[in-house]
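The values are calculated or read from the model by the stated rules, or taken from the named source; none is laboratory data. All values derive from a computational prediction rather than experimental measurement. Note: ideal-geometry Cβ built from the backbone for every residue, glycine included; neighbour counts use all protein chains shown. To get the accessible areas, we keep the full protein, side chains included, count just its heavy atoms, and leave off ligands, DNA and RNA. Shrake-Rupley method; radii C 1.70, N 1.55, O 1.52, S 1.80 Å.
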Amino acid sequence: MSLSPASAKEKANILSEALPYIRRFQDKTIVIKYGGNAMTEEHLKHGFAKDVVLLKLVGLNPVVVHGGGPQINDLLKRVGKQGEFIQGMRVTDEETMDIVEMVLGGQVNKEIVNLINQYGGKAVGLTGTDGGMIQAKKLLVKSKTDGEELIDIGLVGEVTRIDPALVTLLDSQDFIPVIAPIGVGELGEAFNINADLVAGKLAETLKAEKLILMTNTTGVLDKEGKLLTGLTAAQVDALIDDGTISGGMIPKISMALEAVKNGVKSSHIIDGRVEHALLLEILTDQGVGTLIRSNA
Ligand SMILES: Nc1ncnc2c1ncn2[C@@H]1O[C@H](COP(=O)(O)OP(=O)(O)O)[C@@H](O)[C@H]1O
Ligand SMILES: CC(=O)N[C@@H](CCC(=O)OP(=O)(O)O)C(=O)O
């Protein structure tokens, strides 16, 4: 099928628009958090895998951290349990932890790895426990009503240290790391960690060029539901305080902000429901979603 001259020109323009970005991001690390809500449709999963392979082939180093919250909820439901969250973090007892390990470390991780490999990438699936990569300790959540009170929500972890050696080794051999957000404690115990937290800390440790958090909204929205295309630290604090940012968006925006304060060049919260959102964000002039900057 031949293209009309106008549409051929448009396609060529888009391809050539990518050139400066490919040059600028050559050999740079891009940490991509693929949220469970952005992987609910088959065609989106395929589009994501293709984008990751393309980024690798043009010389960037994508590192994938995935979530799987809705997929964990599905399995919990099947065993008659209801998922419960406090400030965006899943309350995780031992039985829930078994399911978290099955879904994140097994089902979801393997599916993403297989898809990337199907499109010609060399993906390797890991959890944070492999090689002792993600060290963690119990996370205590601050009470909303009494900021001083700390709530124990079970086997939920926060990252204490990341050893980047394994990821760096894989990158150097052209593999694409695909990481499930499970960490290991001092006594060898497994912790369930919010995937945004892992992605943010990993981006800092790897001194990534970009942290991209893919989710199921167009970005951060204001009280009227309008997209906020750019946010600074002060604006984020105000939006959390007045309740505009809530639930799962709290850990996301906090990590996006912490990452840019600690050396990551830019953080982006983008809509994983838009086909090829990754390519649009990284390789075109068209910014998508919300860009988070530090105040400095
Ligand atoms: N101000 C806001 N802008 C956009 N989303 C928000 C906001 N406040 C809360 N949210 C909620 O945060 C959700 C994204 O977080 P989460 O469900 O944890 O996504 P993911 O599974 O991708 O990590 C959105 O779907 C929305 O319901
Ligand atoms: C402690 C905690 O909340 N862990 C998350 C880990 C998965 C995750 O973060 O998945 P999404 O990115 O798809 O939300 C959970 O159990 O759901």
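Separation of the alpha carbons by more than 26 angstrom is noted, of 56/210; 9/210; 210/252; 33/56; 122/261, for 9/210; 122/261. The stretch between residue 4 and residue 294, if pulled fully straight at 0.36 nm per residue, gains 99.9 nm over its current Cα-Cα span.
With the simple model of a label 7 Å out from the Cα in the direction of the Cβ, residue 169 to residue 137 spans 2.7 nm. Taking amide hydrogens as placed 1.01 Å from N in the peptide plane, the amide H of residue 123 sits under 5 Å from those of 117, 176, each at least 5 positions away in sequence or on another chain. The peptide list 196-208, 127-139, put in order of mean Cβ contacts within 10 Å with the highest first, becomes 196-208, 127-139.
Gain on full extension, evaluated as 0.36 nm per residue between residue 222 and residue 93 minus their Cα-Cα distance, stands at 43.0 nm.
As a fraction of the 1.4 Å probe accessible area of segment 50-174, surface on carbon and sulfur atoms comes out at 50 percent. Calculated FRET efficiency, residue 43 to residue 22, Cβ-Cβ distance, R0 = 25 Å: about 0.50 to the nearest 0.05. Rounded to the nearest 10 degrees, the angle from helix 5-24 to the longest Cα principal axis of the chain is 50 degrees. Take the Cα of residue 86, step 7 Å toward its Cβ, do the same at residue 186, and the gap between the two points is 2.2 nm. Would you mind telling me the share, in percent, of accessible area of segment 228-296 contributed by carbon and sulfur at probe 1.4 angstrom? Its accessible area is 51 percent carbon and sulfur atoms.
Residues in segment 26-293 average 43 Å² of solvent-accessible surface per residue, probe 1.4 Å, ligands and nucleic acids excluded. Here's the picture: a label point sits 7 Å out from the Cα of residue 114 along the beta-carbon direction, and within segment 46-73 the residues with their amide nitrogen under 20 Å of it are 46-53, 64-73.
The chain: D in µm²/s via Stokes-Einstein (Kirkwood Rh, Cα pairs, 20 °C, 1.002 mPa s)? It diffuses with D of about 109 µm²/s by this estimate. Projected onto its three principal axes, the C-alpha set of segment 1-137 covers 60, 33, 30 Å, listed from the longest axis down.
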